[in-house]
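Q: I'd like to ask some things about the structure below.
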Amino acid sequence: MILYKETKETYLSDIAANRFIQKLSDAYTKKIGELNPKEVQSWENSDADHMYRILSDPRIPENLGVAVEYRAPGCAGRIDMALSGRGADGRRKLVFIELKQWTGLHMSAERDGYILDGDDEYHLRDHPAKQVYQYREWVRMSTPEEDRAFDLEGCAYLHNYEAAGQDDLRAEEYREYRDACPMFYKADREELISYLCRCFSEGDGGEGIEYLEEHCTGSSVEMRNWINDIVREAGDHPLSPEQQNIADRISAVVDKSVEDHEKYTVIVKGGPGTGKSVVAIKSLFMNYRKANVHGRCLYLSKNAAPRDVFMGAFQYGSQQYNMLRNIMNDSGFFAREATAASILTVVDESQRVMDSTNGRDRNGQWHVYSNDNQIDNIVEHAGVSVFFIDEKQTVSLADAGTIDKIRAASRRYHSHLIELPELKAQFRCGGSTEYVEWVDSVLGVADGGRGIHSDYDIEVVQDFAVFRQEMRGLNTDNNARIVAGYCWPWTSRTDVTERLTDIPIGGMNLRWNNDTWLGRRKRVWALDAGAFEQVGCIHTCQGLEFDYIGVIIGGDLRYEGGQLITDHTKKAEDDFTTNSRARSNYLRANGNDTRKLERELDRIIRNTYRILLTRGMKGCRIYCVDPALGEYLRQRVDELRR
């Protein structure tokens with residue numbers, strides 16, 4: 001996404017004629033939403049004043065392409081300015097420029113960021129050179145290798161900043177970023193002009209910016225391949241700038257905990273498709289391999305599906321498989337292993353942890369291991385506990401993880417609490433944050449959503465045979481799956497003959513995913529080559545993604561009287577998340593408040609379909625059991641595409 005895209009000459013004339021700010025404002029309102037006055041102030045000071053003076057210099061080549069406020073796919077933040085032209089060798093070249101209005105600052109005590117004069121100690125800013133470097137590298141890796149027919153440069157221009165005495169921006173920790181992406185201060189106007197003259201020998205009329213828009217498509221590395229490379233220390237799949245910042249902050253917290261022997265609790269929020277699992281795994285292995293980390297590092301998740309996929313990327317019994325088996329466990333691990341401890345524990349899908357831990361031991365005996373919330377168990381036993389959470393992804397009456405409970409546990413166990421910035425950039429759904437907002441609006445999970453536009457590949461299919469055939473055609477590399485709301489009993493659960501079916505629909509009989517073992521290896525629905533013919537559910541796909549997802553919306557959601565109606569009675573009784581036993585347990589724990597139960601059941605059904613509808617990286621197909629719901633969704637899809 002680019003808010004403003006012109007040649008250098010048009011950019012200068014727009015500013016001179018007072019058209020520039022209005023053009024930017026109109027584009028911002030149309031593509032992003034309500035305009036913050038601080039944005040306008042930034043454009044007036046940085047773009048319409050200081051960069052206007054820089055680009056007005058006659059030594060800078062004519063006909064350069066100028067883009068203002070460029071957001072690459074998979075990034076929440078935007079780069080302030082991009083210039084395009086040709087270098088001395090004739091190759092296409094782009095230069096990213098990060099503009100800062102900073103005047104005074106100092107480095108944080110942990111030396112992991114900067115605090116501007118007037119900000120509080122928790123409002124950390126990234127080093128400008130690091131910021132533009134990470135953005136540059138993300139764009140480079142988000143462009144297919146065969147399409148990287150350009151050179152990328154980057155710099156930062158702090159046009160109000162004057163270094164006095166010890167300059168914290170010149171700290172040794174950030175030398176590699178400064179060497180790669182130079183910084184220019186208030187007194188460095190001539191140096192910046194010279195730098196741009198060295199970068200460009202001629203303009204290209206904005207051709208390079210057009211090329212970037214077309215070919216930088218965002219990271220599309222599948223999680224199973226990504227973790228394979230991480231574990232083997234192979235591949236080159238960088239995190240997005242905002243993801244890398246979160247991972248770096250977590251790493252700095254681990255270093256501090258090792259140094260001062262204090263406990264720390266970290267909260268990371270993020271919606272579906274924002275990369276919580278990616279950051280969790282990357283953070284884990286960044287610290288697992290540190291020389292100063294002498295102790296256990298753990299990855300915990302209540303849902304087994306992501307762990308099965310991660311471990312399924314390796315041969316059973318291999319070194320990598322055994323390493324992951326030692327690192328990965330469910331969220332009740334510390335309740336069962338009361339003497340265990342860890343230097344770092346990352347908890348994925350933290351909203352799904354439970355208020356108690358029970359289960360069968362290796363001998364089949366039933367135990368109540370702990371009546372404490374699993375958050376308490378984790379904070380008590382971990383030096384650094386990191387909770388990745390989205391409270392809108394609770395899908396069971398037993399899900400009991402909340403941000404408030406994490407905060408309370410940190411106080412109870414004297415653990416320093418750190419709440420990091422929320423992950424917002426979208427990696428699934430074609431990188432379309434707008435599509436996720438649309439899903440939230442359609443399902444009534446969030447207000448608004450009307451007037452949102454997205455080119456994400458979504459269709460509502462009326463005929464089930466056509467729906468299934470379309471999905472089969474999209475399954476070109478074993479990376480398309482069909483999922484459904486849990487509205488049909490799982491009668492084939494232990495059927496090794498694979499003759500039983502579960503879902504009679506559209507004149508066909510389909511089968512839920514296998515829950516069987518091949519020797520000592522569990523069959524993983526998300527990975528098995530023949531799994532396309534089976535239907536998954538929330539329990540087998542939460543935390544995962546596929547190129548294309550087909551969603552069957554069952555009878556638990558319908559459209560009636562102009563509104564969405566949820567109906568938990570249409571859910572299968574063997575769905576442990578909301579069945580009669582789960583409802584009885586919930587009422588007993590909540591003072592028999594039936595209204596609260598009904599609200600929670602309604603929320604779970606909406607959350608479930610929110611998750612299912614956001615599993616596709618490239619596209620989604622929808623089939624509705626309720627024809628009225630299908631018609632309503634078709635109308636909303638038409639609005640999305642206008």
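Q: So how many residues does the stretch 400-421 have that are assigned to a helix (DSSP H, G or I) and either basic (K, R) or over 23 Å from R603 (Cα atoms) (or both)? So that I can check it myself, show each step before the final result.
A: First, the residues of the stretch 400-421 that are assigned to a helix (DSSP H, G or I): 403-412.
Next cut, either basic (K, R) or over 23 Å from R603 (Cα atoms) (or both) only: 405, 407-412.
Residues meeting the conditions: 7.
Q: Here is a further query. What are the residues in the stretch 588-609 that are over 26 Å from D440 (Cα atoms) and free of Cβ contacts under 8 Å to residues at least 40 places away in the same chain, if any? If you could, list the steps in order and put the result at the bottom.
A: Filtering the stretch 588-609 down to residues over 26 Å from D440 (Cα atoms) leaves 588-593.
If the condition is that a residue be over 26 Å from D440 (Cα atoms) and free of Cβ contacts under 8 Å to residues at least 40 places away in the same chain, then R588, N590, G591, N592, D593 are the ones that fit.
Q: Limited to the stretch 57-79, what total is found for residues that are modelled with pLDDT of 95 or more and within 24 Å of the chain's Cα centre (by Cα)?
A: Of the residues in that region, 0 qualify.
Q: Can you pull out every residue in the stretch 320-377 that is β-branched (V, I, T) and either open to solvent by 30 Å² or more (accessible area, probe 1.4 Å) or at positive phi (or both)?
A: Applying the first criterion (β-branched (V, I, T)) to the stretch 320-377 yields 327, 339, 343, 345-347, 353, 357, 368, 375.
The answer is T339, I343, V368.
Q: Can you report the number of residues in the stretch 446-467 which are out of contact with any helix residue (DSSP H, G or I) (no Cβ under 9 Å at 6 or more places or on another chain) and open to solvent by less than 40 Å² (accessible area, probe 1.4 Å)?
A: 2
Q: Of all the strands (runs of 3 or more DSSP E) wholly in the stretch 550-642, which have at least 2 residues that are of a type outside the set (A, V, I, L, M, F, W, C) and open to solvent by less than 50 Å² (accessible area, probe 1.4 Å)?
A: It comes to 616-624.
Q: Considering only residues of the stretch 299-353 that are assigned to a helix (DSSP H, G or I) and of a type in the set (D, E, K, R), which is farthest from W525 (Cα to Cα)?
A: Initial filter on the stretch 299-353 (assigned to a helix (DSSP H, G or I)): 304-312, 319-327, 333-336, 350-352.
Pick out the ones that are also of a type in the set (D, E, K, R) and you get 307-308, 325, 336, 352.
Details: R307: 12, D308: 9, R325: 19, R336: 28, R352: 21 Å.
Among residues in the stretch 299-353 that are assigned to a helix (DSSP H, G or I) and of a type in the set (D, E, K, R), the one farthest from W525 (Cα to Cα) is R336.
Q: In this structure, does Y11 turn out to be touching a strand residue (DSSP E or B) at 6+ places or on another chain (Cβ under 9 Å), assigned to a helix (DSSP H, G or I), open to solvent by less than 40 Å² (accessible area, probe 1.4 Å) and not acidic (D, E)?
A: yes
Q: Would you point out which residue out of F314, F310, F333 is under 28 Å from L612 (Cα atoms), at pLDDT 90 or above and among the aromatic types (F, W, Y)?
A: F333
Q: Which one is modelled with the lowest pLDDT, of the residues in the stretch 227-275 that are open to solvent by less than 20 Å² (accessible area, probe 1.4 Å) and part of a strand (DSSP E or B)?
A: Applying the filter and picking the extreme gives G270.
Q: Next up: When the stretch 440-457 is examined, which residues are found to be modelled with pLDDT of 70 or more and small (G, A, S)?
A: Of everything in the stretch 440-457, those that are modelled with pLDDT of 70 or more and small (G, A, S) turn out to be S441, G444, A446, S454.
Q: Does V278 count as under 27 Å from L612 (Cα atoms), open to solvent by less than 10 Å² (accessible area, probe 1.4 Å) and among the aliphatic types (A, V, I, L, M)?
A: no
Q: Condition first: open to solvent by 30 Å² or more (accessible area, probe 1.4 Å), of a type outside the set (V, I, T) and touching a residue at least 24 places away in the same chain (Cβ under 8 Å). Now tell me which residues in the stretch 17-37 satisfy that.
A: The answer is K31, and nothing else.
Q: Test of understanding: among Y177, Y161, which residue is buried (at least 21 other Cβ atoms within 10 Å of the Cβ), at pLDDT 85 or above and assigned to a helix (DSSP H, G or I)?
A: Criteria check complete, one pass: Y177.
Q: Acidic (D, E), part of a helix (DSSP H, G or I) and without any contact (Cβ under 8 Å) to a residue 40 or more places away in the chain: does that describe E44? Spell out how you get there, then give the answer.
A: Numbers: acidic (D, E): yes; part of a helix (DSSP H, G or I): yes; without any contact (Cβ under 8 Å) to a residue 40 or more places away in the chain: yes.
Against the criterion (acidic (D, E), part of a helix (DSSP H, G or I) and without any contact (Cβ under 8 Å) to a residue 40 or more places away in the chain), E44 qualifies.
The values are calculated or read from the model by the stated rules, or taken from the named source; none is laboratory data. Everything quoted here is computed from the prediction, not taken from an experiment. Please note: Cβ atoms are built from the backbone with ideal geometry, for glycine as well, and neighbour counts cover all protein chains shown. Note: areas computed on protein heavy atoms with side chains; ligands, DNA, RNA excluded. Shrake-Rupley method; radii C 1.70, N 1.55, O 1.52, S 1.80 Å.
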